[in-house]
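Q: The structure under discussion is supplied below as structure tokens; questions concerning it will follow.
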Amino acid sequence: METERILLRPWQDSDAETLFKYASDPDVGPHAGWPPHKSVEDSLEIIRTVFNTEGMWAVIWKESGEAIGCVGYLPASASNLKIAEDHAEVGYWIARPYWGKGICTEALLMVIDYCFNEKGFTTLWGDYFPSNPASGRVMEKCGFVDTGEETLCPNLEVGSDCPVRVMKLESSEYRAMSTSALSSRDLIRQNVKLIKK
């Protein structure tokens, strides 16, 4: 999956050094519920365990070929939230030098399209720390709605004692957005220019 600017592909061992460069930033991981990486070996271990699962992609900045973040989904069995079997939870993070460029939105739109049209999930969930409102705005841009609920995610390595705000996107609402200004498909076509293979 790719756009003009980014490519989503599985993580590789060769990404470890770049991952460490960006994931060691103390302002990145804690906002997403995980501690900063302490070494290249630490990053390699994360690639081989946490990232080596179906539905988890490296976000590659085409201009440099670097892995600048991660995006993906968790099935119900691995979700931080209590969700139904035909639901999934999305997640993402982007390296600090690439903040504010719409990259998370591009990446998440591709994952949403994949989850609904390829995997057949009926509902997608997301959550973010209220102290990181930019993450919530990414989901809003992609059509997620605020459920008004907050919950704890006890399996997070960082922030397990801090409530997260819960967001939701139904496949029926996603498909109905084809006439909306917030349509994911329109965003892809007009702004992201998804490259079909």
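The values are calculated or read from the model by the stated rules, or taken from the named source; none is laboratory data. Note that the structure is a prediction, hence the values are computed from the model and not measured. Every residue, glycine among them, receives a Cβ derived from its backbone with ideal geometry; neighbour counts consider all protein chains shown. Areas reflect the complete protein model, heavy atoms only, side chains present, ligands, DNA and RNA absent. Shrake-Rupley method; radii C 1.70, N 1.55, O 1.52, S 1.80 Å.
Q: Give the residue that is least open to solvent (accessible area, probe 1.4 Å), with candidates limited to residues of segment 10-40 that are over 21 Å from Leu156 (Cα atoms) and among the charged types (D, E, K, R).
A: That would be Asp15.
Q: For segment 186-196, indicate whether the set of residues that are at pLDDT below 90, surrounded by fewer than 21 Cβ atoms within 10 Å (Cβ to Cβ) and touching a strand residue (DSSP E or B) at 6+ places or on another chain (Cβ under 6 Å) is non-empty.
A: Checking segment 186-196: at least one residue is at pLDDT below 90, surrounded by fewer than 21 Cβ atoms within 10 Å (Cβ to Cβ) and touching a strand residue (DSSP E or B) at 6+ places or on another chain (Cβ under 6 Å).
Q: Does Leu74 satisfy the criteria of being open to solvent by 10 Å² or more (accessible area, probe 1.4 Å) and either within 23 Å of Leu152 (Cα to Cα) or assigned to a strand (DSSP E or B) (or both)?
A: Considered against the rule, which asks whether it is open to solvent by 10 Å² or more (accessible area, probe 1.4 Å) and either within 23 Å of Leu152 (Cα to Cα) or assigned to a strand (DSSP E or B) (or both), Leu74 comes out as yes.
Q: Glu45 passes all but one of (1) out of contact with any Asp or Glu (no Cβ under 7 Å at 6 or more places or on another chain); (2) within 15 Å of Ile94 (Cα to Cα); which number fails?
A: For Glu45, the exception is condition (2).
Q: Within the bounds of segment 142-153, is there any residue that is surrounded by 13 or more Cβ atoms within 10 Å (Cβ to Cβ), β-branched (Val, Ile, Thr) and in contact with a Pro (Cβ under 9 Å, 6 or more places away or on another chain)?
A: Yes, segment 142-153 contains a residue that is surrounded by 13 or more Cβ atoms within 10 Å (Cβ to Cβ), β-branched (Val, Ile, Thr) and in contact with a Pro (Cβ under 9 Å, 6 or more places away or on another chain).
Q: How many of the residues making up segment 93-114 are open to solvent by less than 50 Å² (accessible area, probe 1.4 Å) and either among the β-branched types (Val, Ile, Thr) or free of Cβ contacts under 8 Å to residues at least 60 places away in the same chain (or both)?
A: 8
Q: Shifting gears a bit: So in segment 41-57, with the set limited to residues that are of a type in the set (Val, Ile, Thr) and more than 10 Å from Gly72 (Cα to Cα), which one is surrounded by the fewest Cβ atoms within 10 Å (Cβ to Cβ)?
A: Across segment 41-57, the extreme among qualifying residues is Thr49.
Q: Just the residues that are at pLDDT 95 or above and among the small types (Gly, Ala, Ser), please, taken from segment 3-49.
A: Ser14, Ala16, Ala23, Ser24, Ser39, Ser43
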